[in-house]
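The values are calculated or read from the model by the stated rules, or taken from the named source; none is laboratory data. Note that the structure is a prediction, hence the values are computed from the model and not measured. Here the Cβ is made from the backbone with ideal geometry for all residues, glycine too, and neighbour counts use every protein chain on show. Please note that ligands, DNA and RNA were not included when accessible areas were found on the heavy atoms of the full protein model with its side chains. Shrake-Rupley method; radii C 1.70, N 1.55, O 1.52, S 1.80 Å.
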Amino acid sequence: MAANFILQPAGFLDVPPFGSSRIFGKLISSRFFCNASHHKFNPVIASICNASAVDPTPSHSISHGSSTESTLILIRHGESMWNEKNLFTGCCDVPLTRRGVEEAIEAGKRISYIPVDMIFTSGLIRAKMTAMLAMTQHHQKKVPIIMHNESEQATTWSQVYSETTIKQSIPVITTWQLNERMYGELQGLNKKETAERYGKEQVHEWRRSYDIQPPKGESLEMCLRRAVTYFKEFIEPQLQSGKHVMVAAHANSLRSIIMYLDKMTSQEVTNLELSTGIPLLYIYKDGRFSSRGSPVGPTEAGVYAYTESLAVYRQQLDEMSH
Ligand SMILES: O=C(O)[C@H](O)COP(=O)(O)O
């Protein structure tokens with residue numbers, strides 16, 4: 001039985017009274033919801049649908065009456081080889097430096113006790129590397145698996161056939177909507193040299209203003225339109241259904257998402273700077289996001305005291321490893 005036919009995807013299917021039967025769940029999912037061919041014109045839906053089938057159960061959730069609490073981790077990728085050279089990168093697909101690899105591993109240690117059921121990354125290797133390296137440190141010891149739904153064949157050829165293995169996996173959805181802003185004709189140029197040529201103020205405006213586009217590139221506002229639309233449409237429903245989500249992306253796609261989460265004005269966001277490899281934690285509850293800053297380390301008590309759920313989850317992981 002193929003992975004995307006096994007379990008109902010949370011958030012897509014209201015199971016009827018007799019739907020707790022696994023068999024019935026299979027039939028419903030395969031016929032109406034998780035059949036890759038059914039979604040062949042919508043790879044995004046297919047991807048998420050398939051992912052939900054990979055890991056259907058939140059690793060730990062606490063419901064308070066009708067409300068569920070879930071965690072959201074945002075992380076900017078570690079230092080890339082063009083960050084090191086101080087080049088405008090945008091949508092150019094460059095890997096992490098050695099330091100970037102270490103930052104990703106360090107970030108992984110900092111979130112090693114925070115539950116993660118699903119990962120969303122941009123389509124760029126520096127974000128994917130960061131997510132994967134971070135997960136090598138997680139105490140849950142689940143394996144992140146990149147979902148391949150770019151074609152029907154890719155979906156079929158990447159099926160997992162063991163339910164036990166599926167339970168030990170974390171689906172990773174990659175999507176261009178979380179990519180770095182497209183920096184247009186600045187891509188590949190040195191930031192310092194560009195400031196010398198066009199003036200510091202002009203370059204600062206291109207880099208930090210909300211609605212001014214760099215030459216032939218995207219403004220933050222344009223980047224926000226695709227990143228936040230994707231977030232609302234595909235990530236928020238997962239949080240609503242109780243899944244704990246990590247998003248590995250980029251300075252500007254994350255600045256736009258944070259602008260939305262923290263309800264920042266277009267003026268406030270101009271001062272928001274994100275360091276490479278620093279995870280940020282949000283708690284999602286009753287349809288609201290509250291920012292909890294950045295977990296400092298697995299031994300630091302503070303962050304786990306924020307919610308009962310996090311404290312219990314941490315304790316469970318500790319018990320499992322002893
Ligand atoms: O694309 C880039 O060059 C960086 O990742 C972000 O650049 P910025 O700090 O100029 O926005």
Picked from region 79-116 (must be of a type in the set (S, T, N, Q) and within 14 Å of the ligand (Cβ to nearest atom)), the residue nearest to K191 (Cα to Cα) is N86
Taking the options S275, S241, S321, name whichever one is open to solvent by less than 50 Å² (accessible area, probe 1.4 Å) and of a type in the set (G, A, S). S241
Restricting the search to region 181-214, which residues are among the aromatic types (F, W, Y) and either within 11 Å of the ligand (Cβ to nearest atom) or more than 28 Å from the chain's Cα centre (by Cα) (or both)? Y183, Y198, W206
Pairs with Cβ under 8 Å, 6+ apart, first in region 271-287 and farther than 17 Å from V245 by Cα, second part of a loop (DSSP other than H, G, I, E, B): L272/M264; T276/H77; T276/G78; T276/E79
Need a quick list: helices (runs of 4 or more DSSP H) entirely within region 163-251 having at least 3 residues that are touching a helix residue (DSSP H, G or I) at 6+ places or on another chain (Cβ under 7 Å) and of a type in the set (D, E, K, R). none
What pairs come up if the first residue lies in region 134-153 and is open to solvent by 50 Å² or more (accessible area, probe 1.4 Å), the second is in a helix (DSSP H, G or I) and not hydrophobic (A, V, I, L, M, F, W, C), and their beta carbons are under 7 Å apart, counting only those six or more places apart or on different chains? T136/G108; Q137/G108; Q137/K109; H139/S321; H148/T155; E150/P43; E152/S37
Test: V228 is within 16 Å of the ligand (Cβ to nearest atom) and within 20 Å of I283 (Cβ to Cβ): no
Taking the conditions exactly as written (part of a helix (DSSP H, G or I) and either surrounded by fewer than 20 Cβ atoms within 10 Å (Cβ to Cβ) or within 11 Å of the ligand (Cβ to nearest atom) (or both)), does T265 satisfy them or not? no
Taking interchain pairs and intrachain pairs at least six residues apart, which have beta carbon atoms under 9 angstrom, with the first residue in region 188-201 and closer than 8 Å to F88 by Cβ and among the polar types (S, T, N, Q) and the second within 11 Å of the ligand (Cβ to nearest atom) and part of a helix (DSSP H, G or I)? T194/L186; T194/V203; T194/W206
Does L178 meet the test of being more than 20 Å from K85 (Cα to Cα) and within 16 Å of the ligand (Cβ to nearest atom)? yes
Tell me yes or no: at least one residue of region 227-236 is of a type in the set (S, T, N, Q) and closer than 18 Å to S122 by Cα. yes
Of all residues in region 204-232, which are over 21 Å from T265 (Cα atoms) and open to solvent by less than 60 Å² (accessible area, probe 1.4 Å)? P215, G217
